[in-house]
């Protein structure tokens, strides 16, 4: 059986960041309504360097499995932090339909989720959004904000990375003077390895929104537990976030329970609360959901199936499986 293999270039060419926001919105809503299934993410630890993750989901006539890694020390080795593959199958016959580069799928859906949460939960403002951490996923967040019409302020401990992304985005982006300035913005997305608490007690200000994207596994954190209690918390999914997300430490300590948080899909559907007032501090805890990967993979595959000759798919190869 011959199946298409989508390189990172093909994934990025097939689905722009603006479109990805709407694709990921559908994933959250379908999952919240129980139409898309998602078993728990499975972690395979590889101490001390990183971990492997198996992420299955099913919906819209397809099933997906993402086998992906997170090795934060890889950039020092000249390697990407995230590598892996997304397998897309027909949910009626079980046939494999496509293989997709996992890093590009992850970047697209991470940028989309961060920006979607900000659009839903931030107070109305035309001010630029700050992006802290400009690795592959942080870069995707910055590009998604700009694609949605918002300017960005960028910060990374390696200033040259922030400057490189600013150059890509031209007049829509600038580099923050320091990390403190970036973290004080009205809208902030943090996309770090999660090894350091960026927000210490007392640092959040009234009306601020922060999408916390880095604490997507055990032992990671971008905000102090005490500071979590100051905000209205929205998670991507309670089950996953309460075990492996930013809120996991607070849940373990008995400080946060299910009734204390909302899920983004339910907020999008108007079933659970998000921001109530301009003074609220809102926090989005993202662990990354397989339904997001499913939505992106389906969108890319169906666009290819509609017109395989499209120039966007010039790098797509065919692989013989089985």
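When the label point is put 7 Å from the Cα of residue 226 along its Cα-to-beta-carbon vector, which residues of the stretch 167-206 have a backbone N closer than 16 Å?
Counting only backbone N, you get 197-205.
Please give the peptides 238-246, 271-279, 92-100 ranked by average Cβ packing (other Cβ atoms within 10 Å per residue), highest first, as a rough proxy for protection.
Most protected by this proxy first, the peptides run 238-246, 92-100, 271-279.
Based on the Kirkwood radius over alpha-carbon pairs, what value in µm²/s does the Stokes-Einstein equation return for the translational diffusion coefficient of the stretch 110-285 at 4 °C and 1.567 mPa s?
82
What whole-number distance in Å separates the alpha-carbon centres of the stretch 3-40 and the stretch 175-204?
28
With the chain treated as a Gaussian network of Cα nodes joined by springs under 10 Å, which of 121, 212, 198 yields the largest mean-square fluctuation?
Looking only at 121, 212, 198, the biggest GNM fluctuation is shown by 198.
Calculate for the chain the 222 nm mean residue ellipticity that helices alone would give, adding -39,500 (n - 2.57) per DSSP H run of length 4 or more and normalising by residue count, nearest 500 deg cm²/dmol.
Working: 11 runs with 109 residues, N = 322.
Calculated from helices alone, the mean residue ellipticity at 222 nm is -10000 deg cm²/dmol.
Which of 207, 111, 288 moves the most in a Gaussian network model of the chain with Cα springs under 10 Å?
With Cα springs under 10 Å in the chain, the top fluctuation among 207, 111, 288 is at 207.
What residue among 20, 46, 32 has the largest mean-square fluctuation in a Gaussian network model of the chain, using Cα springs under 10 Å?
46
If packing is taken as the average number of other Cβ atoms within 10 Å across a peptide's residues, how do 72-81, 178-187, 35-44, 142-151 rank, most packed first?
On the way: 72-81: 12.7, 178-187: 17.2, 35-44: 15.7, 142-151: 22.0.
Top to bottom by mean Cβ count within 10 Å: 142-151, 178-187, 35-44, 72-81.
Fewest Cβ neighbours within 10 Å first, please rank 220, 66 accordingly. If you can, show how the numbers build up before the last one.
Values: 220 22, 66 26.
The most exposed by this proxy come first: 220, 66.
Would you kindly state how much longer the chain becomes between residue 77 and residue 126 on full extension, computed as 0.36 nm times their sequence separation minus their alpha carbon distance, in nm to one decimal? Provide the component values of the computation, followed by the final result.
Numbers: separation 49, 0.36 × 49 = 17.64 nm, distance 3.95 nm.
Length gained, residue 77 through residue 126: 13.7 nm.
Just to compare against my own numbers: the Cα pair-distance distribution for the chain, 10 Å bins, whole % per bin, please.
Percent of Cα pairs in each bin: 6, 28, 36, 23, 6, 1.
Quick check: the distance between the Cα centres of the stretch 246-294 and the stretch 91-131, to the nearest angstrom?
The distance from the Cα centre of the stretch 246-294 to that of the stretch 91-131 comes to 16 Å.
Any idea how far apart residue 317 and residue 181 come out in nm if each label point goes 7 Å out from Cα toward Cβ?
4.5
Based on DSSP, what percent of beta bridges with both residues in the chain are antiparallel, to the nearest 5?
Numbers: 31 of 59 bridges.
Antiparallel bridges: around 55 percent, rounded to the nearest 5.
At residue 18 and residue 239, where each label point lies 7 Å from the Cα along Cα→Cβ, what is the point-to-point distance in nanometres?
My value for the distance between the label points is 3.6 nm.
Any read-out appearing in this document is the output of simple, stated calculations on the displayed coordinates, not a laboratory observation. Because the structure is a prediction, the values reported are computed rather than measured. Here Cβ is always computed from backbone atoms with ideal geometry, including for glycine, and neighbour counts include all displayed protein chains.
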